[in-house]
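A.B. asks: The following block contains the structure, expressed as structure tokens.
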């Protein structure tokens with residue numbers, strides 16, 4: 001695949017990714033066998049290594065999904081504290097700002113007036 005095809009593929013993926021925003025907040029403890037030679041580099045790998053470990057305690061506190069058309073789906077656990085709810089809201093706000101920056105970047109790349 002050529003350079004331009006790769007660029008347009010990446011732009012398409014960014015647009016698809018920007019069409020919805022999902023923020024999920026968990027609380028708990030995760031314990032697993034880790035060593036410095038093979039540390040997991042993302043949360044999915046941490047959870048994968050923790051499977052089957054009876055010491056893992058994770059609780060879903062909040063989940064927010066925002067669609068590009070403005071539809072919002074939100075869940076908050078009945079036991080969430082005001083501090084935890086505030087932290088989740090801050091994560092949603094940061095994710096929205098990141099999404100806006102991504103959309104603006106794509107718009108500038110596609111807008112021929114900004115080229116050369």
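The values are calculated or read from the model by the stated rules, or taken from the named source; none is laboratory data. Predicted model only: the values in this text are computed from it and were never measured. Ideal geometry is used to build each Cβ from the backbone, glycine not excepted, and the neighbour counts take in all protein chains shown.
A.B. asks: Answer with yes or no whether residue 100 is surrounded by 11 or more Cβ atoms within 10 Å (Cβ to Cβ), assigned to a helix (DSSP H, G or I) and either under 18 Å from the mean Cα position of the chain (by Cα) or at pLDDT below 95 (or both). Full working, then the answer.
C.D. replies: On the way: surrounded by 11 or more Cβ atoms within 10 Å (Cβ to Cβ): yes; assigned to a helix (DSSP H, G or I): yes; either under 18 Å from the mean Cα position of the chain (by Cα) or at pLDDT below 95 (or both): yes.
For residue 100, the condition - surrounded by 11 or more Cβ atoms within 10 Å (Cβ to Cβ), assigned to a helix (DSSP H, G or I) and either under 18 Å from the mean Cα position of the chain (by Cα) or at pLDDT below 95 (or both) - is met.
A.B. asks: Considering only region 52-71, how many residues are surrounded by fewer than 14 Cβ atoms within 10 Å (Cβ to Cβ), at pLDDT 75 or above and either over 21 Å from residue 95 (Cβ atoms) or in contact with a strand residue (DSSP E or B) (Cβ under 6 Å, 6 or more places away or on another chain) (or both)? Walk me through it before giving the result.
C.D. replies: Within region 52-71, the subset surrounded by fewer than 14 Cβ atoms within 10 Å (Cβ to Cβ) is 52-55, 57-59, 67-71.
If we keep only those that are at pLDDT 75 or above too, we end up with 57-59, 67-71.
Now narrow it down to the ones that are either over 21 Å from residue 95 (Cβ atoms) or in contact with a strand residue (DSSP E or B) (Cβ under 6 Å, 6 or more places away or on another chain) (or both): 57-59, 67.
The total comes to 4.
A.B. asks: Just give me the residues in region 27-42 being out of contact with any helix residue (DSSP H, G or I) (no Cβ under 9 Å at 6 or more places or on another chain) and either modelled with pLDDT of 75 or more or closer than 30 Å to residue 107 by Cβ (or both), in sequence order.
C.D. replies: Residues satisfying the conditions are 28, 29, 42.
A.B. asks: Taking region 66-96 as the search range and keeping residues that are in contact (Cβ under 8 Å) with a residue 12 or more places away in the chain, within 13 Å of residue 22 (Cα to Cα) and part of a helix (DSSP H, G or I), which one is farthest from the chain's Cα centre (by Cα)?
C.D. replies: Among them, the one singled out is 88.
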